[in-house]
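Notes for the one structure printed next.
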Amino acid sequence: MSVDLATRSLLHDKLRFFITVSGVAFAVTLVFVQVGLFLGLMSNASLTIDQIDADLWVTSRNTPNVDFAHTFPETSIKRVRSLPGVARADNLIVWFMNVSLPTGAVEGTEVYALENFERWNFPQNVVEGELADLRRGPYMVLDDSAKKRWGAFAVGEHREVLGRRLKIIGRTVDAKSFTTTPLTFMDYRLAQALNEGELRGNTTYILVKLAPGADAEAVRAEIRKRLPYNDVFTRAEWAKRSRSYWIDSTGLGLNMYITVFLGCLVGIVVVAQTLYTSTMEHIREFGTVKAIGGGNGEIYKILGKQATIAAVAGFALGALQAFALRPVMAKIDLKLIIPTQLYVFVLIGAVVLCLTAAMISFRKVASIDPALVFRT
Amino acid sequence: MAILHTRSIEKHFQEGREVVPVLKGIDFDVDRGEIVALEGPSGSGKTTFLSILGCILTPTSGEVVIEGTPVHEKRLAEVRRRSLGFVFQQFNLFPSLTALENVEYALNVKGIKNRDARVEAERVIEAVGLGDRQHFLPRELSGGQKQRVAIARALAGSAPILLADEPTANLDTQVGTQVLELFRALAKQENRALVIVTHDPKVRTIADRVVKIQDGALV
């Protein structure tokens, strides 16, 4: 095995190595946290769409996202159900309502109302109670996230929704919307009864499940023909539209890009600065490498390897930090989603970032006069 | 035939608008196994001449011929790898590498790798008497020991020409004498040509020939 001057030299000055790695780790952590939070928020923006087992969503024309629904006549569903290729279709109401709390405070809730929740496999994480019981009376199932805004609640208690007492008959977890307003699940007719003025005879969405082998595009085209004043989206399109709304309207995407950019900038500056200082301090050694017959390429290899080691070590530390932050974030209801692709992308990014930082040193090395080895 | 030969070497440096001639047409030969001391006062041009002999600097005019082949400007690094070994006044060891690794790394740069490099490095480290210090870092070695490592590094890889720049300048008299005697013995034993640039009169005692340089010319 050949002598690994790059690694030995890098680890020789442990403090400098730590500073370099910390710089990379800082950038990596920042990228993971920012992108992870962004993905977490975005997953909330389309979480219900992703969970509901519908292939197509019929919405009111120009509905911007799943939370801000508009009404249209519920009888439209008949035109959908009669189509070949449609296995089943149901009306879904998504509506914001006010809840009076025992403290006297009034809070908001986002109601999801269906005739049959089990049929759509939604909500997915029911931890207490039966969704089927919702049909049996003035009942509701609440998501646990409501505790943060409404205070503690238990199954069997009542809450007043738009002036009517509803019994809590179940709990779910992780059913969230981007708005952070707690989700409530109730029977479709009950939701209409609670807000007759706007919801009587109206729905906000039609969920469509296609028959096996049905051509989604053909069915969609047919629905569009029959409901010309509605929009029809596939599940993926609708989820994307809902996420895009929040990205565009809140500047969340821009904020993420700016933070990621700044994180990378800080990382690149720290790495470039430490590598350059290190190069300057080892200039005589590099001169010696040249004097004993090594070319610029030999020194570029040393610097490149040092940059790569710093990148990989910084990535590992940064990823570890981000991983450790996940439970901390979860405690404050922030979801950090870090998919495998992001790990790969950030690792490659860290290596590219560090090699870019090393370029500045490359330029210096190219100009080293090996005759400096004779100077005292 | 001389293993190292120079013909009419001239070197000029530009200082502002002025051209300063440092070397003025030097003809110089060294044979295999010969030890030559190159003496001269400060500013006489001896280190510049050594740099040209070592293919680190190129002459303004004239020619350097090593092992019968004129040195081409574009192949300086290759000539340094193949034919030259250096010993510097400041030792110039890699502080993060042990004595043995310093030698081994130089061999790696010369294209000798893996076990061959390790065996050769151990041989020369033993030859300079540092077998028991081979795993020491430079900071754990004395000045004399560092210079021995530098000599081992120069000897490693069978370069036929060894060039030393003030190798005793940073050593005390006793250690300096020991290092010079060791250097002479090894150079003779392995039939290497050795050119030593020095101010140190002790070098005369080990040299086969003393050449003086003054104002850029041999006298």
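Bear in mind these aren't lab numbers, they're just calculated from the coordinates by the rules spelled out. Bear in mind that the values here come from a model prediction, so they are computed numbers and not experimental data. Virtual Cβ from ideal backbone geometry, glycine too; neighbours counted across all protein chains shown.
Starting from 0 in steps of 10 Å, tell me what percent of the Cα-Cα pairs of the range B:12-129 lands in each bin.
The percentages, shortest bin first, are 10, 34, 33, 18, 4, 0.
Under 5 Å between amide H atoms, partner at least 5 residues away or on a different chain: which partners does A:THR172 have, H built in plane at 1.01 Å?
Under 5 Å from the amide H of A:THR172: A:VAL127, A:LEU142, A:ASP143, A:ASP144.
Under a Cβ-only charge scheme (Lys and Arg +1, Asp and Glu -1), can you give me the dipole magnitude of the protein assembly as shown about the Cα centre, in debye to the nearest 20? Provide the component values of the computation, followed by the final result.
Details: 69 positive and 62 negative charges, 142 e Å.
In debye, rounded to 20, the protein assembly as shown gives about 680.
So which DSSP H runs in chain A come out at 20 Å plus along the axis (Cα) with average Kyte-Doolittle of at least 1.0?
Values: long enough: A:14-45 (45 Å, 1.57); A:235-250 (23 Å, -1.41); A:252-281 (43 Å, 1.40); A:296-331 (52 Å, 0.71); A:340-366 (38 Å, 1.73).
In chain A, the long hydrophobic H runs are A:14-45, A:252-281, A:340-366.
After finding the eigenvalues of the alpha carbon gyration tensor for the range B:9-79, what semi-axes result from the square roots of 5 times each, listed largest first in whole Å? Let's see the in-between values first.
Values: eigenvalues 94, 55, 19 Å².
Value: 22, 17, 10 Å, ordered largest first.
Can you list the aspartates and glutamates whose alpha carbon sits under 20 Å from that of B:LYS11, skipping same-chain ones fewer than 8 residues off?
Correct list for B:LYS11: A:ASP369, B:ASP27, B:ASP29, B:GLU39, B:GLU63, B:GLU73, B:ASP165, B:ASP215.
Quick one: net charge of A:PHE72's neighbours, Cβ under 15 Å, K/R +1, D/E -1? The partial results should precede the final answer.
Working: positive: A:ARG61, A:LYS78, A:ARG79, A:ARG200, A:ARG224, A:ARG226; negative: A:GLU74, A:ASP90, A:GLU198, A:ASP231.
So the environment of A:PHE72 carries a net charge of +2.
When only alpha-carbon atoms are used, what values of Rg and Dmax, in angstrom, describe the range A:62-228?
Rg and Dmax of the range A:62-228, Cα atoms, are 16.6, 53 Å.
Taking amide H positions as placed 1.01 Å from N in the peptide plane, with prolines and chain starts having none, which residues 5 or more places from A:VAL86, or on another chain, fall under 5 Å of its amide H?
A:ALA211
In square nanometres, what is one fourth of the surface area of the convex hull spanned by the alpha carbons of the range A:17-143?
Working: hull surface 54.2 nm².
Hull-based average projected area comes out at 13.6 nm².
Provide the net charge surrounding A:THR274, with neighbours chosen by a C-beta distance below 13 Å and charges set as Lys +1, Arg +1, Asp -1, Glu -1.
Numbers: positive: A:LYS14, A:ARG16; negative: A:ASP13, A:GLU281.
Computed value for this residue: 0.
Ignoring everything except DSSP H segments at least 4 long, calculate the 222 nm mean residue ellipticity for chain A; use -39,500 (n - 2.57) per segment, divide by total residues, nearest 500.
Details: 13 runs with 196 residues, N = 376.
Calculated from helices alone, the mean residue ellipticity at 222 nm is -17000 deg cm²/dmol.
Using only the alpha-carbon atoms, how far is helix B:99-109 inclined from the longest principal axis of chain B? Give it as 0 to 90 degrees, nearest 10.
Orientation of helix B:99-109: about 50 degrees from the principal axis.
Using a Cα-Cα cut-off of under 23 Å, which lysines could be cross-linked to A:LYS331, ignoring same-chain neighbours fewer than 8 residues away?
Within the straight-line cut-off, A:LYS331 pairs with A:LYS147, A:LYS148, A:LYS176.
Measuring from centroid to centroid over Cα atoms, what is the spacing of the range A:243-294 and the range A:148-184 in Å?
47
Students often forget the sequence filter, so: which lysines lie under 30 Å Cα-Cα from B:LYS188 once same-chain residues fewer than 8 apart are removed?
A:LYS290, B:LYS46, B:LYS110, B:LYS113, B:LYS146, B:LYS202, B:LYS212
Share of Cα-Cα pairs in chain A beyond 32 Å, in percent?
Values: 35890 of 70500 pairs.
Of all Cα-Cα pairs in chain A, 51 percent lie more than 32 Å apart.
Based on the Kirkwood radius over alpha-carbon pairs, what is the Stokes-Einstein translational diffusion coefficient of chain B at 20 °C with 1.002 mPa s viscosity, in µm²/s? Walk me through the numbers before you get to the answer.
Values: Rh = 17.6 Å.
Roughly 122 µm²/s, to the nearest whole number.
Restricting to Cα pairs below 8 Å that are 6+ residues apart, what does the relative contact order work out to for chain A? Please round to a whole percent.
Details: 658 pairs, mean separation 110.2, N = 376.
Rounded, it is 29 percent for chain A.
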